[in-house]
Amino acid sequence: MASKRGALIVLEGVDRAGKTTQCKKLVEALQQSGRPAEMMRFPDRTTTIGQLISSYLEKKSDLEDHTVHLLFSANRWELVPLMKKKLEQGITLVVDRYAFSGAAFTSAKPGFCLDWCMKPDVGLPKPDLVMFLQLNPAEAALRGQFGIERYETSAFQKLVQQKFQLLMKDPSVNWKVIDASQNIEDVHDNIKSHSLKAINTAERTPLGELWK
Ligand code: NYM
């Protein structure tokens with residue numbers, strides 16, 4: 001007997017928008033309401049590919065820009081069999097960053113176009129819902145200093161934000177913009193209500209393919 005599949009829900013946004021906090025709160029709320037849910041994050045730094053990426057982000061190693069872009073994508077593809085299995089088992093996946101971060105961050109580097117950056121991720125499991133946690137750079141700055149990893153400067157983050165705006169124009173993806181300047185509980189309520197709708201819809205629709 002075919003059972004209802006879980007939903008693929010992604011949270012995106014610039015650094016310090018609160019993605020990780022909100023992913024955790026969403027998973028807890030779903031579980032408490034009796035809906036099976038698990039959190040995932042990209043990059044997944046635990047795999048062999050993920051360790052190469054982690055060392056690059058921590059500036060312990062250098063990688064050529066195209067190469068690291070393809071590694072970020074490969075890190076998603078290597079998790080696809082597991083993601084599909086969980087979704088088929090009826091588990092909703094709440095994912096902290098996905099292909100949109102991949103395209104936005106690399107295309108913010110000189111000499112990269114958005115189109116090329118999207119290509120390696122074409123055909124990944126398509127999220128049923130992508131929530132973009134919107135926070136203007138001034139408010140983000142109030143939340144504390146940037147870390148020391150690669151890309152963590154306000155100039156680069158501004159460029160990344162512009163690339164996300166371009167990606168959000170794509171009507172083939174179910175984008176919802178969330179005002180991340182509200183307090184944690186209000187942001188959570190907003191995210192939860194969008195997620196419950198997406199979970200209901202996903203039960204009745206097959207999993208799609210991203211950007212295809
Ligand atoms: N990042 C993340 C990319 O450049 N490409 C990708 O495909 C993904 C998923 O890595 N600055 C960047 C965004 C972040 C960093 O940080 C990962 P964190 O704190 O692990 O989310």
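The values are calculated or read from the model by the stated rules, or taken from the named source; none is laboratory data. Since we're looking at a predicted model, the values are computed, not measured. For neighbour counting, all protein chains shown are included, and Cβ atoms are generated from backbone atoms with ideal geometry for every residue, glycine included. Surface areas here come from the heavy atoms of the whole protein model, side chains and all, with no ligands, DNA or RNA. Shrake-Rupley method; radii C 1.70, N 1.55, O 1.52, S 1.80 Å.
Quick notes on this one:
- Residue order for Ser61, Ser3, Ser195 - accessible surface, 1.4 angstrom probe, largest first: Ser3, Ser61, Ser195
- One decimal place: the segment Ser33-Thr201 gains 58.7 nm when fully extended, by the rule 0.36 nm per residue minus the C-alpha distance.
- Label zone at Ser3 (point 7 Å along Cα-to-Cβ), backbone N below 15 Å, region 171-210: 203
- Relative contact order computed over region 37-179 (Cα-Cα under 8 Å; 6+ residues apart), in percent: 28 percent
- Residue-averaged [θ]222 nm for the chain, counting only DSSP H segments that reach four residues, each worth -39500 (n - 2.57): -14500 deg cm²/dmol
- Within region 142-198, the trypsin sites (Lys or Arg not before Pro) that combine a DSSP coil assignment with at most 15 other C-beta atoms in a 10 angstrom radius are Arg143, Arg150, Lys169.
- Label zone at Trp116 (point 7 Å along Cα-to-Cβ), backbone N below 18 Å, region 47-65: 63-65
- Within the chain, the whole DSSP H helices whose Cα atoms reach 15 Å or more along their own axis and whose mean Kyte-Doolittle score is at least -0.5 are 65-77, 154-167.
- Area accessible to solvent at Ser107, 1.4 Å probe radius, in Å²: 10 Å²
- Placing dummy labels 7 Å off each Cα toward the beta-carbon, the span from Lys24 to Ser181 is 2.6 nm.
- Partner lysines whose Cα lies under 21 Å from the Cα of Lys25, excluding those fewer than 8 positions away in the same chain, are identified as Lys86, Lys176, Lys192, Lys197.
- Where GluC sites (Glu not before Pro) fall in DSSP loop in region 129-212, at most 16 other Cβ within 10 Å: Glu149, Glu152
- Beta bridges assigned by DSSP with both partners in the chain are antiparallel in approximately 10 percent of cases.
- Computed with the Debye formula from one identical point scatterer per Cα of the chain, without solvent, the log10 of I(q)/I(0) at q = 0.09, 0.11, 0.16, 0.18 Å⁻¹ comes to -0.33, -0.51, -1.12, -1.42.
- Cross-link partners for Lys84 among the lysines, with Cα-Cα distance under 19 Å and sequence neighbours closer than 8 places in the same chain left out: Lys4, Lys126, Lys212.
- Trp116 accessible area, assembled protein chains, probe 1.4 Å, Å²: 90 Å²
- Selection among Phe100, Gln51, Val160 by position relative to the dipole of region 29-183 gives Phe100 as farthest towards the positive end (Cβ unit charges, Cα centre).
- Among Lys25, Lys109, Lys126, the residue with the largest mean-square fluctuation in a Gaussian network model of the chain, with springs joining Cα atoms closer than 10 Å, is Lys109.
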